[in-house]
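Visitor: What follows is a single structure, and I will ask about it in a moment.
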Amino acid sequence: MAPHICIARIGAAHGVRGQVRLWTFTDDPLSVTQYGPLSSKDGTRQFEVTHAREAKGHLVATLKGVMTRNDAERLNGTELYVAREQLPATEDDEYYHADLIGLAAQTTAGEPLGRVVAIHNFGAGDIIEIAPPAGASIMLPFSNAVVPTVDLAGGRVLIELPAEIEGDAPDAA
C-alpha cells in the first residue's frame with residue numbers, strides 16, 4: 001500500500017493575487033482543505049490550502065505563502081500528497097488508485113499482460129495503463145466491463161480485453 005496518496009494537482013494561476021486552479025482527486029473536491037498541510041511528491045515542500053471555492057471542474061484555491069501570479073505559475077503541475085492514514089479507510093471492494101500501481105495485469109483467461117503503471121484521467125473517465133514486458137503500453141478504459149476484478153491481496157487486476165484488441169495482447173513468454 002502506498003504510504004502517500006496524491007489527492008490534487010495544481011494547475012495554472014488564476015488571477016493576479018496568487019490563486020491557483022486546483023484539480024482534486026477526491027470524492028468531495030473541497031475535502032482537500034480538511035487534511036492540513038499537503039506535500040509535494042518528494043516530501044520537500046508543504047502546502048496549506050487556506051481558501052477554496054468551486055469552479056467549472058476544478059477549485060480556485062489560495063495557498064499559504066503564495067502571494068503573486070508569478071509564485072502561482074511556478075507551481076503549475078505540482079502534485080499534492082497526503083499521508084494515507086489521514087484518508088478515510090476503504091471498504092472491502094474499494095481502493096485508492098495508488099494501490100493499483102505495480103499490480104500484475106492478467107486477462108480474465110489468465111494470460112499475463114504486464115504491470116499497472118498508472119491510472120490517468122484526461123477528462124472523459126479513468127484510463128488504466130499497463131506496461132507489457134516488451135513493447136508499447138496498453139491504455140484501456142477503467143470500467144467494470146474492462147477491469148471486472150481488482151484483487152489487492154492477490155496482487156493483480158483482471159482485464160477483459162475488448163474484442164478489437166484481443167489479438168494484439170502480448171504473448172506469454
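Visitor: Would you point out which residue out of Leu75, Leu59 is more than 26 Å from Val157 (Cα to Cα), among the aliphatic types (A, V, I, L, M) and touching a Pro at 6+ places or on another chain (Cβ under 7 Å)?
Guide: On the way: Leu75 fails: touching a Pro at 6+ places or on another chain (Cβ under 7 Å).
Answer to the selection: Leu59.
Visitor: Something else about it: It is to be established whether one or more residues within segment 18-26 are more than 30 Å from Gly114 (Cβ to Cβ), hydroxyl-bearing (Ser, Thr, Tyr) and outside the structural domain of Ile159 (by TED's automatic domain parsing).
Guide: Within segment 18-26, not a single residue is more than 30 Å from Gly114 (Cβ to Cβ), hydroxyl-bearing (Ser, Thr, Tyr) and outside the structural domain of Ile159 (by TED's automatic domain parsing).
Visitor: Ok, one more. Restricting to segment 39-52, name every residue that is exposed (fewer than 11 other Cβ atoms within 10 Å of the Cβ) and charged (D, E, K, R).
Guide: Passing the criteria: only Asp42.
Visitor: Take segment 105-129 and flag every residue that is more than 12 Å from the chain's Cα centre (by Cα), outside any loop (DSSP other than H, G, I, E, B) and under 25 Å from Asp27 (Cα atoms).
Guide: Once the filter is applied, which keeps residues that are more than 12 Å from the chain's Cα centre (by Cα), outside any loop (DSSP other than H, G, I, E, B) and under 25 Å from Asp27 (Cα atoms), segment 105-129 yields only Val116.
Visitor: Let me ask something else about it. Quick one: which strands (runs of 3 or more DSSP E) lie wholly within segment 1-104 and hold at least 3 residues that are without any contact (Cβ under 8 Å) to a residue 24 or more places away in the chain and over 27 Å from Val147 (Cα atoms)?
Guide: Result: 49-55.
Visitor: Let me ask you something else. When only residues in segment 136-150 that are at pLDDT 90 or above and either among the acidic types (Asp, Glu) or assigned to a loop (DSSP other than H, G, I, E, B) (or both) count, which is nearest to Glu91 (Cα to Cα)?
Guide: Restricting to residues being at pLDDT 90 or above and either among the acidic types (Asp, Glu) or assigned to a loop (DSSP other than H, G, I, E, B) (or both), the top hit is Ser137.
The values are calculated or read from the model by the stated rules, or taken from the named source; none is laboratory data. It should be emphasised that the depicted structure is a prediction, and the values quoted were computed from it without experimental measurement. Cβ coordinates were reconstructed from backbone atoms using ideal geometry, including for glycine residues, and neighbour counts include every protein chain displayed.
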